[in-house]
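Some notes on the structure that comes next.
Just so you know, all these numbers are worked out from the coordinates, no wet-lab data involved. From a predicted model like this one, the values you see are computed outputs, not experimental measurements. Don't worry about glycine lacking a Cβ; one is built from the backbone with ideal geometry, like all the others, and counts go over all protein chains shown.
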Amino acid sequence: MGSLPPRSGKKSPVILVLGGARSGKSRFAESLLADRVGHRIYLATAEAGDEEMRQRILHHQARRGGGWRIVESPIDIAAAIASAGDQAVLVDCLTLWLSNLMAADRDIDDATSGLCRALDQARAPVVLVSNETGLGIVPDNALAREFRDRAGRLNQAVAAKADRVFFIAAGLP
């Protein structure tokens, strides 16, 4: 995929990778940091709440292989990014993080602001993965509509901090 772009007026690039479920966005995001083996963090927001999610996590782990320091942070990703130092960070994924925040009844706007501050201060590349949830039909219940709307606002906030945004469809950017 080539090297990450320099960040204008900032120390390190921030890249947002968007796509639908099983679109190939995680694999693409991982490829952006492939040349940084030994100097990269996989910031996992998922929790294995059931067998299906455990299998998804195992699939991701097997696919990406070694060379990553795994940091599990379902809620406080801003602090994890801030503590990464000179190690590149891959956040997978923002929409699971949003689900975790909503389930914990956290202040989404405050958490998003904290994430954006951490991105501004990052000393190494940060690649963030997120689902694009707004391309389908309007959800039939209030919680799903709230999630879709909050995900859209979160993606916009992070995209505004990003140097590049990729949309992935069928494995292709």
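The table below lists the values:
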| quantity | calculated |
| --- | --- |
| Most mobile of V89, V37, V126 in a GNM of the chain (Cα contacts under 10 Å) | V37 |
| Residue-averaged [θ]222 nm for the chain, counting only DSSP H segments that reach four residues, each worth -39500 (n - 2.57) | -13000 deg cm²/dmol |
| Per DSSP, loop GluC sites (Glu not before Pro) in the range 11-79 with at most 16 further Cβ within 10 Å | E47 |
| Most fluctuating residue given options N131, N100, N155, as computed from a GNM of the chain linking Cα atoms under 10 Å | N100 |
| Long-range HN-HN contacts of A46 with modeled amide H, under 5 Å | C93 |
| Cut-off under 5 Å, modelled amide H: who pairs with V17 long-range | L128, V129, S130, F166 |
| Residue among R27, R56, R150 with the largest mean-square fluctuation in a Gaussian network model of the chain, springs linking Cα atoms under 10 Å | R56 |
